[in-house]
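A.B. asks: Starting off with a structure, shown below.
Rule-based calculations on the coordinates, nothing more; no lab input. Every value quoted in this text rests on a predicted model; they were computed, and no experiment measured them. Cβ atoms come from the backbone with ideal geometry, glycine included; neighbour counts cover every protein chain shown.
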Amino acid sequence: MSTGRARRALWRWLPPWALDAGLVALAVLDAWINLYDEGTPLIWSCVALGSAALFLRRRFPLTVFLLTLPMTLFMDVAVAPITALYTLAASTRNRPLLAGCVLLNAAASTLAWPLSDGFAGDQTWTLIQFVYTLATATAPVLFGQLVQARHDVALQLVEVEEAREHERALHAQTVLARERAQLAREMHDVVSHQVSLIAVQAGALQVAAKDPDAREAARTIRTLSVNTLDELRHMVTLLRASGGKETELTPQPTLADLQQLIANSGIETTLTGGLPPGISTTAQRTVYRTVQEALTNVRKHAPGARAEVRLWHDAQHFGVTVTNTAPTRPSVALPSARHGLIGLGERAELLDGTLTAEPTPQGGYRTELRAPTRPA
């Protein structure tokens, strides 16, 4: 187990140019073993061209493969064409192109130069040799496709782990928001109701009392009850507005943090428009969370997509619209309880607004928050 890990570490430590230099040397040695002293200047030129081209195999895999075909036509070599085929298969998803290159390599390996000698011999043996070289050329292509699939799976596993971590955070945030909402309801329905009754009774006592000291005591009780109601309303508003993992002792995000959120999202995103200056802190926080959740969904469900965040307002409403393009890479189908969008819908309801999330005709997605304008 440790030996295998050491070998993998050695291959990763080896610089690419050193690996390519070794492959070039092997390709020249392979040609020299097959030619001995029979090579002409033309043949050695093809060997030099096809072998040296391996230095560029990562940047121009198809061109390098085509440059190895002349040396394959002149001699029975394997290192250069197999290396070129493997590199091409590991860098492209074009299956018809790979099939054509395999056939082309098999044909070049089967035919002899001059071409008239290739058709003058035993046709059955030529067919057998073609099938053998076809199988030999298919092996590096299959291995290259396997390496490409392994790389894709590794990327998808990273995306799955990030998505699961995000889902766990969303679930914890949803549970916390539910508990805070329940506490807010209890405070509003029970405590606020009882304090209101105290204020009403104190007001009645203040009016009906004959004794000045009794009236003053009733007035004090009524004033304290009214102040307590104001504090309770403020606490209920905070409990309903904050459903994240942060506490009220930590700074809550506002519109001033929106640019930093977009910069750290890892998505090519443009920010346009603006919001009215008089919107409340709760509304700013809701806009921020909407953009945050929308960009998270883009990163999770639309790899490689671009996004646009547009802030807008008119005489009666304000809002934010987040639109992304179609993904450029295949995404992993992940289970989702849509806790994020549910939480955003609840935040929108606190502002007497609405949240819409729907796909676009171009294959992207659009999330929009719309709420009535009211003073802070």
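A.B. asks: Which FRET efficiency value, to the nearest 0.05, do you get for I33 and Q156 by plugging their Cβ-Cβ distance into 1/(1 + (r/R0)^6) with R0 = 30 Å?
C.D. replies: Values: r = 43 Å, r/R0 = 1.43.
Once the sixth-power term is evaluated, E becomes 0.10.
A.B. asks: Which of the three applies to the stretch 251-376, rounded, prolate or oblate, going by the alpha-carbon gyration tensor with a ≥ b ≥ c and a/c under 1.5 meaning rounded?
C.D. replies: Prolate shape, in that a/c is at least 1.5 and a/b is the bigger ratio.
A.B. asks: Relative contact order for the stretch 251-376 using alpha-carbon pairs under 8 Å, separation at least 6, rounded to a whole percent?
C.D. replies: Computed over the stretch 251-376, the figure is 26 percent.
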